Amino acid sequence: MEVAKTGWPLPAPTVGLLGGSFNPAHEGHLWISRQALTRLGLHQVWWLVSPQNPLKPSAGMARQASRIAHAGRVATDPRIRVTGLEADLGTTFTADTLPALARRFPRTRFVWLMGADNLLQISHWQRWPQIFHAAVVAVFDRGSYSRQVAWATGARRFARQRLSERECHGLAQRRPPQWVLLHIPRHPASATALRASGRALIDPPQTIDPA
């Protein structure tokens, strides 16, 4: 992964931001990222591996360093950068992360990427309307969740700013608040299912010192 000497990813003109726990990262994340690169005409996608999602329990959460390392093995596309930028920025909430990134990379146009399931519960996010004002947003189809999007708090609040799918290419060049719902073929991978199956172990087993 190409990074600056500071450890930060080198900026590109247009960047999609995919945030989450990535506990663990899987092929579904890679699939959505590639869809974003193609459909939105982006130069890069950055995975923002959160130190700890405030809406998720810490129990069962692998260490951030381990999640980043695992995500790096999954993100085989050279246009995808795996980062722990929120830890570097000292931000926990997306509403704080987006303005901080805009200040750090003033010439880069960011697009916030999220699944339809997250849009349905975005009213629980800290200062969530600021997210729509800080960056344009692309919401990706997540099966049955997408049929409920029109009733989501965020969708109703910004109904007049919703774009058609025909207008999605070049979304990064538009001024927020504008957003689009993209229908894409569904990928079967799920972090929840991987954890339930026991295939989500990304931290090495801890050895016990007998002394």
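Every number in this text was worked out from the coordinates using simple rules, so none of it is lab data. Quick caveat: nothing in here was measured; it's all calculated off a predicted structure. In this analysis, Cβ positions are derived from the backbone assuming ideal geometry, glycine residues included, and neighbour counts consider all displayed protein chains.
Quick notes on this structure:
- Furthest towards positive pole of dipole, A100, Q64, H169, structure part the stretch 14-197, Cβ charges: H169
- Under Karplus coefficients 6.51, -1.76 and 1.60, residue-wise ³J(HN,Hα) of the stretch 163-169 in Hz, glycine/proline x: 9, 7, 4, 5, 9, 6, 5
- Peptides 113-124, 158-169 ranked from most to least packed give 113-124, 158-169, packing being the mean of other C-beta atoms within 10 angstrom over each peptide's residues.
- All other residues whose Cβ lies under 10 angstrom from that of L182 are scored, Lys and Arg at +1 and Asp and Glu at -1, for a net of -1.
- Amide H contacts of T14 (H built 1.01 Å from N, in plane; Pro and chain starts excluded): H43, Q44, R109 sit under 5 Å, all sequence-distant by 5 or more or on other chains.
- Converting the Cα gyration tensor eigenvalues of the stretch 14-197 into ellipsoid dimensions via √(5λ) gives semi-axes, longest first, of 23, 19, 17 Å.
- Centre-to-centre, using Cα atoms only, the stretch 28-50 and the stretch 66-106 are separated by 12 Å.
- Note: relative contact order over the stretch 14-197, using C-alpha pairs below 8 Å and six or more positions apart, is 25 percent.
- In this structure, H43 and S123 have a Cβ-Cβ separation that, at R0 = 41 Å, corresponds to a calculated FRET efficiency of about 0.85.
- Put simply, the amide H of G115, placed in the peptide plane, has neighbours under 5 Å in F140, leaving out anything fewer than 5 places away on its chain.
- Nitroxide proxy distance, nm - points 7 Å out along Cα→Cβ at H133 and Q173: 2.7
- Rounded to the nearest 20 debye, the dipole magnitude of the stretch 14-197 is 320 debye, with +1 charges on Lys and Arg beta carbons, -1 on Asp and Glu beta carbons, and the Cα centre as origin.
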